[in-house]
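The values are calculated or read from the model by the stated rules, or taken from the named source; none is laboratory data. Because the structure is a prediction, the values reported are computed rather than measured. Methodologically, a virtual Cβ is constructed for each residue, glycine included, from the backbone with ideal geometry; neighbour enumeration extends over all protein chains shown.
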Amino acid sequence: MAAIVPVQFGVSMSLTVIAVAVGDIARDLDTGTDAASWTVTGAILASAVSTSLGGKLGDIYGHRRAFLAAAVMLVVVTPLSGLAWNIESLIGFRVAAGVANGVATAAGTAMVLLAFPIATRSRAIGWYQSALSGAPAIGLIVGGQIVEQFGWRWVFAFFGVIAVIGLVTSATVVRPMGGGLDVSVDYWGGLTLTAGVALVLVGLTLLGNDGVGTSVSVILMAGGVVFLAAFARIEQRVPEPIISMAYLRKRNFSIPIWVVTLANFSFMGGLVVTPFLFTERLGWGLGAATLLLAVRPITFSSCAFAGGYIHPRLGARMTPVVGSSLLAVGMVFFALSAWQASLGWTVAGLFVVAIGHGIQLPSLTTTASDAVEPEDYGVASGMRGTLTQVGVTTGMQTMVIMIGTDITGNSLASSYLLGASAAIVAVALSLAISPRSS
């Protein structure tokens, strides 16, 4: 596990830093911030659409091979990002990095699942997610200093070194895992799934953009739904589907995935809204706010580690019930802060949402994985990753649109209460999870 973490750790950190450096990138490459923001959005979308297919390829050809292929791609495109000559080339390199991250995420999670027995699997997942979730905080602190002192291009030199270390370590230490399925690749299923997820996420990303009409976003999302419907029909007919429809009928597989999706809607939506709470309601500067916001991923990382030990004690049902309940409470704390301009409620919200989401993620990942056969760990991890990104993108876009351009206490509070509502639905769904593996 220690060998595969550096690869994904570097990608997660670079996403955080580039999000902060969008303004510098726009000025340096002589473009607008709307175009520069696609260096982040493009990587996220590419990661979302590549995880499911990447997971299936790992199940067929081996997760070590898939992971190393992704690591090699990162070693190549990371330094090239620092040498980008225009915004189009930078976006292209970041999209390639997103694809590599999606494949590495599915393969890495599958290898962790295969390396540990059921009795200790939740602890291993807790360690794994704890390590990865600390990356955004480190990215903000370390990478932010690199951007300020040397410029955004040097960020990719730093993360290029991390990518090389990850490749060498994983190639040396990680043993072959998974693979060996004597099946053909469902290319039509992969194509329709990729097109469907991409169109839905692009439509959501453009929703509310002043330069793009709402009708364009709706058309893109409708087209995505058509492709996803075609994907479902293809999967019912082909002999070797990317994801077995039988798994979707198993509540301990499908429900945890939907709980993660709703929880990420709330958690990540709140993440992008909270800087506005600091600057518009509390009167903080963005630099000071960023430092305090780092408390959230640090707390989340610690609680993800603890969540691996909580799962065997509370069980598959009660762990996400408690976690999503805390997430809902934390979002209410943020709403109270928006109304009252209270730093106390804000700090309480930062801690409570991180604790709730942190303790439930290892449990939900473990429960969904226990419901599938070991030879399908890759595609199961990929599907979870894809829907996670759907939740992230939907939450971020919807909650930002709700606060509007004229940011007030009421608009911020309404956005947070929407996040709380999503978490409450996650609580209700969690109650349907079977306490026993199935």
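Numerical summary
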| quantity | calculated |
| --- | --- |
| Residue satisfying all of: in region 362-392; among the β-branched types (Val, Ile, Thr) and assigned to a helix (DSSP H, G or I); nearest to Ile118 (Cα to Cα) among these | Thr366 |
| Test result for Thr394, in contact with a His (Cβ under 8 Å, 6 or more places away or on another chain) and among the β-branched types (Val, Ile, Thr) | no |
| Pair list, Cβ < 7 Å and 6+ apart or interchain, from region 276-300 residues that are within 13 Å of Ala341 (Cβ to Cβ) to residues that are small (Gly, Ala, Ser) and outside any helix (DSSP H, G or I) | Arg281/Ala341; Leu282/Ala341 |
| Boolean, Ile401 is surrounded by fewer than 22 Cβ atoms within 10 Å (Cβ to Cβ), aliphatic (A, V, I, L, M) and not in a helix (DSSP H, G or I) | no |
| Lone qualifier among Val95, Val103 - being assigned to a helix (DSSP H, G or I), assigned by TED's automatic domain parsing to the domain that holds Gly54 and under 23 Å from Ala35 (Cα atoms) | Val95 |
| Count of residues meeting criterion [farther than 12 Å from His311 by Cβ and within 14 Å of the chain's Cα centre (by Cα)] in region 359-390 | 10 |
| Set Val99, Val112, Val103, Val95: member being at pLDDT below 80 and under 21 Å from the mean Cα position of the chain (by Cα) | Val112 |
| Those residues of region 28-59 which are crowded, with 21+ Cβ neighbours inside 10 Å and more than 14 Å from Gly98 (Cα to Cα), in sequence order | Ala36, Gly55, Lys56, Leu57, Gly58, Asp59 |
| Helices (runs of 4 or more DSSP H) within region 123-179 that include 1 or more residues at pLDDT 80 or above and either within 24 Å of the chain's Cα centre (by Cα) or assigned by TED's automatic domain parsing to the domain that holds Thr78 (or both) | 144-150, 153-173 |
| Some residue of region 350-367 being of a type outside the set (Asp, Glu), over 12 Å from Phe267 (Cα atoms), at pLDDT below 90 and surrounded by fewer than 24 Cβ atoms within 10 Å (Cβ to Cβ) | no |
| Those residues of region 370-393 which are of a type in the set (Gly, Ala, Ser) and modelled with pLDDT of 75 or more, in sequence order | Ala371, Gly391 |
| Residue identified as under 27 Å from Gly126 (Cα atoms), part of a helix (DSSP H, G or I), within 22 Å of the chain's Cα centre (by Cα) and of a type in the set (Ser, Thr, Tyr) among Ser324, Ser415 | Ser324 |
